[in-house]
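The values are calculated or read from the model by the stated rules, or taken from the named source; none is laboratory data. Worth saying up front: this structure is predicted, and the values here are computed from it rather than measured. Neighbour counts are summed over all protein chains in view; Cβ atoms, including those assigned to glycine, are modelled from backbone coordinates with ideal geometry.
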Amino acid sequence: MDVHVVDHPLVSHKLTTLRDTETDSPTFRRLADELVTLLAYEATRGVRVRDVTVQTPVSPAHGVTLAHPKPLVVPILRAGLGMLDGMMRLLPTVEVGFLGMVRDEETLRASTYAERLPGDLSGRQCYILDPMLATGGTLAAAISFLVDRGADDITAICLLAAPEGCANLETGLAEVGVPVRVVTAAMDERLDENGYIVPGLGDAGDRLYGVA
Ligand code: URA
């Protein structure tokens, strides 16, 4: 698994304000949106394109356009929805699939409660949106779901990641057998006893959607 921490002063600046407990929900949503666009720029460095020629007012010009099949963006409900607009700003023509995952508090296993995805994902570049890579359980389950549909090119975009979650994900992915890339704004210190990222930014879903 390849983990890419985006090292850019604007990324750090926006993330610092997101972490701040004084930041209200409207500001949090706006900054998360802007941060995702910056992360998406890095995450799509390998997006597949094909050659095209256009006519400028002066002459023909060779360039590129997104290849087919178009990439698939998959926000994980609920908090991943808050990352969708920031991603679509860069890739307005891509297809969006949805995955609802819930964690059983007794077994701690993540399961799927809703999905709206194409049946065959082979040959598609898939971008999963999940703000917090904490224990890695939800992301691992989402990746397995996509791989079961044939996906073999998966990038996860996360606002924050914890070392424990990355290690768990790496172990889980060994069984899945598909290389995965994680693009994040920061690798934080650790998880606390409740599975929250430290220092983190709290519950991303609650902060996005104004739940106190
Ligand atoms: N999910 C969150 O929203 N925040 C964390 O710190 C961990 C998981």
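Values as computed for the structure displayed
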{"item": "Selected residue [in contact with a Cys (Cβ under 8 Å, 6 or more places away or on another chain) and either over 18 Å from Gly100 (Cα atoms) or not in a loop (DSSP other than H, G, I, E, B) (or both)] from Thr184, Thr171", "result": "Thr184"}
{"item": "Pairs where the first residue, in segment 161-180, is closer than 21 Å to Gln125 by Cβ and without any contact (Cβ under 8 Å) to a residue 40 or more places away in the chain and the second is of a type in the set (D, E, K, R) and surrounded by 15 or more Cβ atoms within 10 Å (Cβ to Cβ), C-beta under 9 Å, 6+ apart", "result": "Val178/Asp152; Val178/Asp153"}
{"item": "Yes/no for Ser111 being part of a loop (DSSP other than H, G, I, E, B), closer than 18 Å to Val176 by Cβ, among the small types (Gly, Ala, Ser) and without any contact (Cβ under 8 Å) to a residue 40 or more places away in the chain", "result": "no"}
{"item": "Segment 128-142, subset more than 12 Å from the chain's Cα centre (by Cα) and more than 16 Å from Asn194 (Cβ to Cβ), residue surrounded by the fewest Cβ atoms within 10 Å (Cβ to Cβ)", "result": "Ala141"}
{"item": "Residue satisfying all of: in segment 1-33; in a loop (DSSP other than H, G, I, E, B) and among the hydrophobic types (A, V, I, L, M, F, W, C); modelled with the highest pLDDT among these", "result": "Val6"}
{"item": "Single match in Ala40, Ala79, Ala134, Ala110 (criterion: within 26 Å of Val6 (Cα to Cα), at pLDDT below 95 and not β-branched (Val, Ile, Thr))", "result": "Ala79"}
{"item": "The listed residue being of a type in the set (Val, Ile, Thr) and not in a strand (DSSP E or B), out of Val36, Val74, Val64, Val52", "result": "Val36"}
{"item": "Qualifying residue in segment 173-188 (condition: within 11 Å of the ligand (Cβ to nearest atom) and among the aliphatic types (A, V, I, L, M))", "result": "no"}
{"item": "Counted residues, segment 189-203 - those being surrounded by 14 or more Cβ atoms within 10 Å (Cβ to Cβ) and away from the ligand (no atom under 11 Å from the Cβ)", "result": "0"}
{"item": "Selection from segment 114-127 of residues that are surrounded by 10 or more Cβ atoms within 10 Å (Cβ to Cβ) and either assigned to a loop (DSSP other than H, G, I, E, B) or out of contact with any Pro (no Cβ under 9 Å at 6 or more places or on another chain) (or both)", "result": "Ala114, Glu115, Arg116, Leu117, Pro118, Asp120, Leu121, Ser122, Gly123, Arg124, Gln125"}
{"item": "Segment 124-171 - residue that is over 25 Å from Asp206 (Cβ atoms) and of a type in the set (Asp, Glu) and, of those, farthest from the ligand (Cβ to nearest atom)", "result": "Asp152"}
{"item": "Selection status of Ile76, more than 14 Å from the ligand (Cβ to nearest atom), on the phi < 0 side of the Ramachandran plot and of a type outside the set (Phe, Trp, Tyr)", "result": "no"}
